[in-house]
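Engineer: Sharing a structure below in structure tokens format, with a few things to ask.
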Amino acid sequence: MINLPTGVEINSLIDNLKCFSWEASEVLLHYAQILRNSNNKFSILKNDNEDDPVTLADLKVNEIIIQNINEKYKNIDWTILSEENVKSEPYCLEKNRDWVWILDPLDGTKDFIQGTSNYAMHLALSYKNKPCIGVVLIPEKNELWLSYGKKVWCERKDGSIISPNLSRVSALQKMVLVTSKNHRNQMLKSLIEQINFDQVNIMGSIGCKIASILRGESDIYICLSVPGKSAPKDWDFAAPEAILKAAGGAITNLNNEDLCYGRPNLKQEGIIIASNNLNNHNEVCAQIKEIITSNDLYLELP
């Protein structure tokens, strides 16, 4: 049971999060339809940064979620960390705030612009830098993944429920890997080749990848950020972590240590591994670490 801030009741909060999320879904699907006409692409883009693009969809969903939280919960002692707000103004985490909403209004913006279905909205509520409520919305699949505590489920817009269906595959070489489309590097490529997974699926959005593990379509996800290059941030992992851990999966760094949120730079650096089974996760991490070490893959950094 989660002890929420005074004045917040969990069932009411979940109902509100559903409403906020489906409102965001309509916005994302609207702009996705506009983007399917290539002539409209540049009217949607709000910057010219190919590595970190921003669209009208990012900004509108950001506005919807923050405005709804603030209006519904005017006097609650929590704060909101949003990717889009950090881009526009300096962010300083208030150290006396235990409760923080972590928002990525559009995870997988590159895929969104490219017209794929692999984009998501992430929203997590963390307590003392640990995500305890997770929301991952995947509009193109009509999926809203929700978790609080150890409860996790997926809802369609009509209210029908889908339960997680994590696979039981435990042997590393028999696993299906889901990996990035737009964020790959030579070290990760070499690692994948050395492990020789049973299958490799490629898609954007960390939320979409974790949802594929929850559906049983994939077994493992490896995120590898190269020093000196871009790295994922708190908003990329907080909500996906919450839903995966609630379903019995795991997500840690290579040493099987929990992810650390609330750092000054908000970065999730190094090698992060998400897998389908908490009980087997330590062994999976150890095997991957051994493969990296024995094959000198660290030396392949550019």
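Engineer: Please find, in a Gaussian network model of the chain (springs between Cα atoms separated by less than 10 Å), the residue of N37, N129, N279 whose mean-square fluctuation is greatest.
Structural biologist: N37
Engineer: At 4 °C and 1.567 mPa s, grab the translational diffusion coefficient of the chain from Stokes-Einstein with a Kirkwood Rh over Cα pairs, rounded to a whole number in µm² per second.
Structural biologist: 66 µm²/s
Engineer: Normalising by the residue count of the chain, find the relative contact order in percent from Cα pairs under 8 Å and 6+ residues apart.
Structural biologist: RCO, the chain: 15 percent.
Engineer: Moving to a separate point now. Suppose all protein chains stay in the model; what accessible area per residue would a 1.4 Å probe give for the stretch 114-266, in Å²?
Structural biologist: I get 40 Å² per residue for the stretch 114-266.
Engineer: Which value at 222 nm does the chain reach when only helices count, each DSSP H run of 4 or more adding -39,500 (n - 2.57), with the total divided by all residues and rounded to the nearest 500 deg cm²/dmol?
Structural biologist: -11000 deg cm²/dmol
Engineer: Could you give the size of the charge dipole of the chain about its Cα centre, using +1 on the Cβ of each K and R and -1 on the Cβ of each D and E, expressed in debye and rounded to the nearest 20?
Structural biologist: Charge dipole of the chain: 320 debye, to the nearest 20.
Engineer: Tell me the carbon and sulfur percent of the accessible area for the chain, rounded to whole percent, probe radius 1.4 Å.
Structural biologist: 45 percent
Engineer: Over 22 Å between C-alpha atoms is what I'm after, so list which of K128/K289; K18/K87; K181/K267; K130/K150 land there.
Structural biologist: Exceeds cut-off: K128/K289; K18/K87.
Engineer: Could you give the angle, 0 to 90 degrees to the nearest 10, between helix 206-215's Cα long axis and the longest principal axis of the Cα atoms of the chain?
Structural biologist: Orientation of helix 206-215: about 80 degrees from the principal axis.
Engineer: What is the magnitude of the charge dipole of the stretch 166-220 about its Cα centre, with +1 placed on the Cβ of each Lys and Arg, -1 on the Cβ of each Asp and Glu, and no other charges, expressed in debye to the nearest 20?
Structural biologist: For the stretch 166-220, the charge dipole is close to 120 debye.
Engineer: Can you tell me the 0 to 90 degree angle between the C-alpha axis of helix 234-246 and the longest principal axis of the chain, rounded to 10?
Structural biologist: Long axis of 234-246 versus the principal axis of the chain: about 80 degrees.
Engineer: Among M121, P232, N37, which residue has its Cα furthest toward the positive end of the charge dipole of the chain, with +1 on Lys/Arg Cβ and -1 on Asp/Glu Cβ?
Structural biologist: M121
Engineer: Any idea how far the Cα center of the stretch 262-288 sits from the one of the stretch 67-86, in Å?
Structural biologist: 28 Å
Engineer: How many angstrom lie between the Cα centre of the stretch 2-16 and the Cα centre of the stretch 103-136?
Structural biologist: Rounded to whole Å, the Cα centres lie 21 Å apart.
Engineer: Sticking with this one: Mind checking the alpha-carbon convex hull of the stretch 170-261 and giving the volume per residue in Å³?
Structural biologist: Convex hull of Cα atoms, per residue: 106 Å³.
Engineer: Which residue fluctuates the most in the chain, going by a Gaussian network model with Cα springs under 10 Å, if the choices are I220, I80, I102?
Structural biologist: Greatest mean-square fluctuation among the candidates belongs to I80.
Engineer: While we're on this one: Over the Cα atoms of the stretch 216-290, what Rg and Dmax result, in angstrom?
Structural biologist: Expressed in Å, the Cα Rg and Dmax of the stretch 216-290 come to 12.1, 35.
Engineer: Right, here's the next one. What number comes out for the charge environment of R215, summing +1 per Lys or Arg and -1 per Asp or Glu over other residues with Cβ under 12 Å away?
Structural biologist: -1
Engineer: From the Cα trace of the stretch 84-206, what convex hull volume per residue do you get, rounded to a whole Å³?
Structural biologist: 167 Å³
Engineer: For the Cα atoms of the chain, what angle does the longest principal axis make with the long axis of helix 56-72, in degrees from 0 to 90, nearest 10?
Structural biologist: Approximately 60 degrees, to the nearest 10.
Engineer: Among D15, D98, D58, which one shows the highest mean-square fluctuation when the chain is modelled as a Gaussian network with alpha-carbon springs under 10 Å?
Structural biologist: D15
Engineer: Can you list the trypsin sites (Lys or Arg not before Pro) in the stretch 138-228 that are in a DSSP coil and have 13 or fewer other beta carbons within 10 angstrom?
Structural biologist: K150, R156, R168, R184
Engineer: Tell me which of N185, L166, L137 sits at the most positive position along the dipole axis of the stretch 111-194, charges placed on C-beta atoms (Lys, Arg +1; Asp, Glu -1).
Structural biologist: L166
Engineer: Here's a follow-up. How about the stretch 229-302: which GluC sites (Glu not before Pro) there lie in a loop by DSSP and see at most 10 other Cβ atoms within 10 Å?
Structural biologist: Those that pass, being in a loop and sparsely packed, are E257.
The values are calculated or read from the model by the stated rules, or taken from the named source; none is laboratory data. What you see is a predicted model, and the numbers here were worked out from it, not measured in a lab. When we count neighbours, we look across all protein chains shown, and the Cβ atoms used for this are built from the backbone with ideal geometry, even at glycine. When the accessible area is computed, the model is the full protein with side chains, heavy atoms only, and any ligands, DNA or RNA have been set aside. Shrake-Rupley method; radii C 1.70, N 1.55, O 1.52, S 1.80 Å.
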